[in-house]
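Inspection log for the structure reproduced underneath, given as structure tokens.
The values are calculated or read from the model by the stated rules, or taken from the named source; none is laboratory data. Remember, it's a predicted structure, so these values are computed and weren't measured experimentally. Every residue, glycine as well, gets a Cβ built from its backbone with ideal geometry; the counts of neighbours run over all protein chains shown.
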Amino acid sequence: MRPMRILVLTSTFPRWPGDREPPFVFELCQRLAALHEVLVLAPHCSGAAREERMGERLSVRRFRYAPQRLESLAYEGGILEKLRRARWRWLLVPLFLVCQLMVAVRAVRRYRPDVIHAHWIVPQGIVGVIASLAARAGRRPALVCTSHGADLFALRGLAAMLLKGCVARHAAALTVVSGAMKARATELGARPEKVRVMPMGVDAQQRFAPHPAGMRARSELLFVGRLVRKKGVGHLLEALALVKSSLPEASLTIVGSGPLEDELRRQARSLGLAECVQFAGAVPNDQLAPYYRRAAALVLPSVVTQEGDQEGLGLVIAEALACECPVVASDLPAIRDVVQDGVTGLLAAPADAPSLAGRISQVLRDPARARELARNGRALVLERFDWPNVGRGYEALLASAAAN
């Protein structure tokens with residue numbers, strides 16, 4: 001495979017060492033940069049460098065889109081969540097789009113990439129379409145767009161659907177991170193053969209691997225994720241109260257932060273759970289493995305919000321299973337790509353505390369069965385989500401798009 005120049009457009013990327021932002025775009029870029037030149041365009045924020053190199057072939061440029069104290073549209077939960085929390089941020093959206101577009105067009109003309117990889121259909125996919133069309137004659141790069149969930153399931157207004165349809169038709173390939181997303185992607189107008197199910201990866205060989213001694217807490221449950229509506233943590237607290245009626249030693253550690261933290265703390269107190277629920281806050285990705293190795297089970301009680309937002313995949317499930325941590329999760333289409341009920345984990349009805357409590361009780365009462373499911377889960381993760389395999393798949397797809 002000949003070396004390529006790859007331009008990556010994203011709104012989530014580590015801002016500094018030890019950042020708590022999801023690292024999957026960075027992890028993929030690192031693997032692509034083993035052979036190819038990779039330039040990442042990401043939003044700037046206070047405290048982040050404008051430009052930096054993260055290896056011999058990986059460069060990052062962070063574009064400004066407002067006075068530094070107002071650059072608050074991206075990161076810490078994502079753009080859609082930021083807009084929900086503060087409507088004044090909608091004023092930043094046109095500035096964000098224009099500034100990202102200007103930087104992308106300049107990069108296409110000067111860097112001359114073979115392919116643009118846009119993460120999220122909106123807004124990066126839109127920027128990628130325009131930037132590719134603005135390339136100099138004979139140097140138009142191919143566009144590959146990856147949807148991670150919220151951009152596909154939410155944003156259902158007419159204007160948003162028209163823009164997403166434009167990206168779907170223009171892109172040489174449109175990847176989605178779970179099988180549940182493929183049908184929705186083809187509804188945008190993309191030809192079915194252009195839509196590929198290609199999840200992000202997990203470092204299952206080193207970072208997320210089982211504890212050598214296999215020792216686990218007997219009754220400690222774990223949640224990992226943003227404290228937002230679609231994660232359904234309120235239902236988990238209700239389920240824990242039910243579980244404790246027969247298993248009083250059960251406890252819960254919540255790893256993550258978000259706008260619902262104060263509300264969830266109040267709910268825990270009102271349910272009499274203050275002493276057995278620990279809010280650990282946000283934890284860097286490279287420090288999560290000890291939590292997975294210790295917990296009796298990871299619980300991901302995700303729901304579909306009123307706006308239609310839902311999990312694109314739930315990569316924390318793959319991380320937990322890679323550590324052979326048993327998993328209980330909501331029975332949602334995307335989650336079934338990782339959790340096969342009774343095979344790699346247990347599924348409960350979404351937004352149903354009694355159903356969730358029943359599944360949690362099964363895991364806590366039968367740890368031998370739970371370990372068997374988790375071992376099956378690790379085998380699945382090694383096959384489908386391990387970064388070497390995922391990286392090679394994306395490298396081949398980008399090379400094919402560039403060649404054609």
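Brief remarks on what is shown
- Residue identified as modelled with pLDDT under 95 and assigned to a loop (DSSP other than H, G, I, E, B) among PRO350, PRO333: PRO333
- SER361 satisfies every condition listed in (1) among the small types (Gly, Ala, Ser); (2) modelled with pLDDT of 95 or more; (3) buried (at least 24 other Cβ atoms within 10 Å of the Cβ) except (3).
- Qualifying residue in region 297-312 (condition: closer than 18 Å to HIS235 by Cβ, modelled with pLDDT of 95 or more and of a type in the set (D, E, K, R)): no
- In region 133-145 there is at least one residue that is in contact (Cβ under 8 Å) with a residue 12 or more places away in the chain, out of contact with any His (no Cβ under 6 Å at 6 or more places or on another chain) and closer than 24 Å to ALA66 by Cβ.
- Residue in region 172-210 that is nearest to ARG31 (Cα to Cα), counting only those that are of a type in the set (A, V, I, L, M) and over 21 Å from the mean Cα position of the chain (by Cα): ALA172
- A single entry from PRO67, PRO43, PRO17 fulfils the requirement of being of a type outside the set (Ser, Thr, Tyr), modelled with pLDDT of 95 or more and over 18 Å from the mean Cα position of the chain (by Cα): PRO67.
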